[in-house]
Amino acid sequence: MVIVMGVIGADCHAVGNKILERFFRDSGFKVVNLGVMVSQDEYIDAAIETGAEAILVSSLYGHGEIDCQGFRERCTERGLEGIVLYVGGNLVVGKTDPDEVRKKFLAMGFDHVATPDDDLREEAEALKNDILARRTAKGEN
């Protein structure tokens, strides 16, 4: 399972990104890590080039809501309408109820929203299940 990941927008928080890369590699994924300050088109280009089945977007500086606007639509425009989209981190400025943050990003077209308090093992299992469900929906193994 190939996944593309990185930190979106003007966010330069690199340490968590490296930790996530290692975790997902150790969990059996082939990880294409784009690093920090990644644009929507850079994620999409990498997903197309590698045949990735999922894009994982991280944001820690609180402006993820702005940086992620239109991401699902952009994926669809570029031919990735079925790609699994995950987002996680400190996605909004200020203290906001995690359920409200989830609702906001799910409405934006993300398949899953992770908060800093979520268990990474559960996130990896959910990601595997979502990728397998997309394969099944497309008639693939």
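I'm trying to understand the selection: among the residues of segment 40-59, which are touching a helix residue (DSSP H, G or I) at 6+ places or on another chain (Cβ under 9 Å) and either surrounded by 15 or more Cβ atoms within 10 Å (Cβ to Cβ) or basic (Lys, Arg) (or both)?
Gln40, Tyr43, Ile44, Ala47, Ala52, Glu53, Ala54, Ile55, Leu56, Val57, Ser58, Ser59
For segment 46-141, give me every one of the helices (runs of 4 or more DSSP H) that falls completely inside it and has 3 or more residues that are in contact with a Pro (Cβ under 8 Å, 6 or more places away or on another chain), within 20 Å of Phe23 (Cβ to Cβ) and among the small types (Gly, Ala, Ser). Spell out the reasoning first.
Working: elements: 64-67, 71-77, 98-107, 120-137.
In segment 46-141, there are no helices (runs of 4 or more DSSP H) which contain 3 or more residues that are in contact with a Pro (Cβ under 8 Å, 6 or more places away or on another chain), within 20 Å of Phe23 (Cβ to Cβ) and among the small types (Gly, Ala, Ser).
Suppose we filter segment 6-19 for residues that are touching a Leu at 6+ places or on another chain (Cβ under 8 Å) and either crowded, with 22+ Cβ neighbours inside 10 Å or over 20 Å from Asp67 (Cα atoms) (or both); how many remain?
Looking only at segment 6-19, we keep the residues that are touching a Leu at 6+ places or on another chain (Cβ under 8 Å), and these are 6-7, 11, 13, 16.
Restricting the remaining residues to those that are either crowded, with 22+ Cβ neighbours inside 10 Å or over 20 Å from Asp67 (Cα atoms) (or both) gives 6-7, 11.
Summing the residues that are touching a Leu at 6+ places or on another chain (Cβ under 8 Å) and either crowded, with 22+ Cβ neighbours inside 10 Å or over 20 Å from Asp67 (Cα atoms) (or both) in segment 6-19 gives 3.
Out of the residues in segment 20-38 meeting the condition of being surrounded by 15 or more Cβ atoms within 10 Å (Cβ to Cβ) and not aliphatic (A, V, I, L, M), tell me which one is farthest from Glu123 (Cα to Cα).
By that ranking, first place goes to Asn33.
Go through segment 110-129 and report how many residues are surrounded by 17 or more Cβ atoms within 10 Å (Cβ to Cβ), acidic (Asp, Glu) and either over 15 Å from the mean Cα position of the chain (by Cα) or over 22 Å from Tyr61 (Cβ atoms) (or both).
Result for segment 110-129: 1.
If you check every pair at least six apart or on different chains, which have Cβ atoms under 8 Å apart with a residue in segment 95-119 that is more than 15 Å from Ile66 (Cα to Cα) first and a residue that is in a helix (DSSP H, G or I) and at pLDDT below 90 second?
Matching pairs, first to second residue: Thr115/Pro98; Asp117/Pro98.
Could you check, for segment 33-50, whether at least one of its residues is among the hydroxyl-bearing types (Ser, Thr, Tyr), over 18 Å from Val93 (Cα atoms) and within 11 Å of the chain's Cα centre (by Cα)? Give the steps one after another, and end with the answer.
Looking only at segment 33-50, we keep the residues that are among the hydroxyl-bearing types (Ser, Thr, Tyr), and these are 39, 43, 50.
So of that shortlist, the ones also over 18 Å from Val93 (Cα atoms) come out as 39, 43, 50.
Remaining after also requiring within 11 Å of the chain's Cα centre (by Cα): 43.
The answer is yes; a qualifying residue exists.
Yes/no per residue for (1) of a type outside the set (Gly, Ala, Ser); (2) surrounded by fewer than 13 Cβ atoms within 10 Å (Cβ to Cβ); (3) within 15 Å of the chain's Cα centre (by Cα); (4) at pLDDT 95 or above:
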site	(1), (2), (3), (4)
Arg74	yes, no, yes, yes
Glu77	yes, yes, no, yes
Val84	yes, no, yes, yes
Val87	yes, no, yes, yes
Gly94	no, yes, no, no
Glu100	yes, yes, no, no
Met108	yes, no, yes, yes
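Count, please, the residues in segment 2-34 that happen to be assigned to a loop (DSSP other than H, G, I, E, B), modelled with pLDDT of 95 or more and out of contact with any strand residue (DSSP E or B) (no Cβ under 6 Å at 6 or more places or on another chain). Outline the logic, then answer.
Of all residues in segment 2-34, those assigned to a loop (DSSP other than H, G, I, E, B) come to 9-14, 27-29, 34.
Keeping just the survivors that are modelled with pLDDT of 95 or more gives 27-29, 34.
Adding the requirement that they be out of contact with any strand residue (DSSP E or B) (no Cβ under 6 Å at 6 or more places or on another chain) leaves 27-28.
Counting residues in segment 2-34 that are assigned to a loop (DSSP other than H, G, I, E, B), modelled with pLDDT of 95 or more and out of contact with any strand residue (DSSP E or B) (no Cβ under 6 Å at 6 or more places or on another chain) gives 2.
Which numbered condition trips up Tyr43, out of (1) at pLDDT 95 or above; (2) assigned to a loop (DSSP other than H, G, I, E, B); (3) touching a Leu at 6+ places or on another chain (Cβ under 9 Å)?
Going through the list (1) at pLDDT 95 or above; (2) assigned to a loop (DSSP other than H, G, I, E, B); (3) touching a Leu at 6+ places or on another chain (Cβ under 9 Å), Tyr43 breaks only (2).
The values are calculated or read from the model by the stated rules, or taken from the named source; none is laboratory data. Here the structure is a predicted model, which is why all the values come from computation and not from measurement. Cβ: placed from backbone, ideal geometry, glycine included. Neighbour counts: every protein chain shown.
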